[in-house]
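Report on the following structure.
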Amino acid sequence: MLGEYRIEGRRASDIAASVERGVGTGALETGQLLPPMRELALTLGVNANTVAAAYRTLRERGVIETDGRRGSRVRARPATTARGSLRVDAPAGVRDVSNGSPDPTLLPPLGEAFAEVARRYAEHPGLYGEAPVDEEFGRLARAAFDADGVPDGPIGVASGSLDAVERVLSAHLRPGDAVAVEDPGWGSLLDLVPALGLRPVPIAVDDEGPLPEEVERAIRQDGARAVIVTDRAQNPTGACVTADRARALRRVLAGHPDVLLVEDDHGHGIVAQPLHPLAGVTHHWVLVRSVAKAYGPDLRIAAFTGDAETVDRVLGRQQLGPGWVSRLLQRTVAHLWVTGAVDPALVARSYGKRRDGLVRALARRGVVAHGRSGMNVWVPVADETAAVAGLMAEGWAVAPGARFRMNAGAGVRVTVSGLAVGEVEALGEVVGRVVKVGPGRSYG
């Protein structure tokens with residue numbers, strides 16, 4: 001079963017480490033079946049519970065996956081190998097359109113906001129025992145959710161979208177549970193799910209978001225206990241859930257009320273398209289909004305709302321760790337909201353002009369591209385490696401699609417936030433010359 005590789009160890013930690021060494025060196029290959037627990041226990045001369053503990057540790061680390069009677073096998077992409085490592089560093093003289101960051105010129109200055117918050121802090125310093133959510137921040141966040149038709153629920157604060165998603169998944173799921181994730185989708189999320197010991201189930205997306213039949217299949221056939229949906233500015237494709245798609249997805253979810261729904265609306269503040277929330281049709285749900293793209297990634301603030309039980313679980317567990325997200329940062333963001341430091345319509349127009357311009361430039365050259373919202377354009381390609389290398393040779397560094405996909409077809413992601421409007425046509429000409437791919441309906 002394992003070829004020449006021998007798993008060793010007398011303790012659970014040693015057995016787990018032995019398997020990880022085999023995976024790391026390549027001696028244990030992707031998809032390789034591990035021995036049944038009792039069989040390995042007999043071989044090693046240890047109790048079966050010891051091997052069970054080792055396998056549990058490996059699942060929690062995302063190294064292996066267990067599929068009932070089919071046994072345990074090495075994961076296709078162990079979480080110890082982050083997708084962020086699948087990147088191309090841009091050498092001198094090469095334009096980097098791969099990193100996914102917002103345009104710094106569209107981010108608000110923070111000096112006045114920090115100064116005002118510091119002045120107020122001098123009068124009333126934050127101390128232990130205060131509410132984890134700043135009162136003004138919570139009120140403003142709830143009002144924004146209300147304005148977009150998000151169902152009523154308490155407010156929580158996390159250190160960014162991924163922190164919120166991790167806390168929500170951990171509050172409801174256990175290692176081995178299946179989670180439906182968009183494919184292609186956010187690379188960090190595709191790393192996080194197996195790192196929590198959960199099993200990612202890919203669901204295909206098009207320009208209007210996840211396909212309803214894919215969500216139904218993931219829940220009914222693959223046993224997904226949670227579904228994660230990006231409402232707008234989907235990374236990497238720019239997909240945006242439309243009103244019709246939202247209705248179809250709500251119908252699917254209404255048939256599975258015990259499924260946990262997690263919505264990521266990180267595009268709030270940078271997109272022109274309206275939000276069509278799915279929340280409210282399942283017993284447990286959360287909608288998360290980060291301020292990273294509109295106000296600055298280093299603020300590390302995300303507001304979330306959801307059903308009372310879920311938010312209570314997350315905040316309760318948070319108290320046992322960091323306790324709370326800095327109220328100084330919460331008050332800074334609240335000040336930026338109150339003073340209108342960012343004009344969402346202006347930001348959306350700026351990104352839209354560059355994004356739509358690139359999609360049109362590629363269409364004129366017969367290249368299919370996707371980007372309905374946000375700051376990214378997804379370009380399906382016939383040969384991902386050749387496309388990345390060819391564009392690098394032409395002076396452009398793009399993100400390889402392998403960072404964002406599981407079963408979806410090959411592609412590259414282009415982030416337009418660093419482009420001047422005058423550069424869009426030139427980039428379109430280069431991509432059109434390098435990329436060779438026939439027309440297609442969606443993302444593979």
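Odds and ends about this structure:
- Descending by average beta-carbon neighbour count within 10 Å, the peptides 32-38, 413-419, 17-23, 42-48 line up as 413-419, 17-23, 32-38, 42-48, the highest first.
- Every Cα-Cα pair of region 101-174 was included, and the share exceeding 20 Å stands at 56 percent.
- For region 273-327 and region 218-257, distance of Cα centres in Å: 18
- Taking label positions 7 Å along the Cα-Cβ direction at both V94 and R11, the computed distance is 4.5 nm, reported to one decimal.
- Cα pair distances of region 111-338 binned at 10 Å [whole percent]: 8, 34, 36, 16, 5, 0
- Fraction of beta bridges assigned by DSSP in region 201-312 that are antiparallel (%, nearest 5): 45
- Förster-model FRET efficiency, 30 Å R0, T385 and R360, C-beta, rounded to 0.05: 0.65
- Pairwise label distance in nanometres, D148 with A122, each label 7 Å out on the Cα-Cβ vector: 3.6
- Label positions at L328 and R300, each projected 7 Å from the Cα along the C-beta direction, are separated by 1.2 nm.
- Loop-resident sites, region 118-150, for chymotrypsin sites (Phe, Trp or Tyr not before Pro), counting at most 11 other Cβ within 10 Å (DSSP): Y128
- Taking amide hydrogens as placed 1.01 Å from N in the peptide plane, the amide H of I64 sits under 5 Å from those of R59, R75, each at least 5 positions away in sequence or on another chain.
- Qualifying GluC sites (Glu not before Pro) in region 116-178, DSSP loop, other Cβ atoms within 10 Å at most 15: E130
- q = 0.07, 0.09 Å⁻¹, the chain: log10 I(q)/I(0) [Debye, one scatterer per Cα]: -0.38, -0.63
The numbers here are math on the coordinates, done by the rules we state, and not lab data. These figures come from a predicted structure and were not determined experimentally. As a convention, Cβ positions derive from the backbone with ideal geometry for all residues, glycine included, and neighbour counts pool all protein chains shown.
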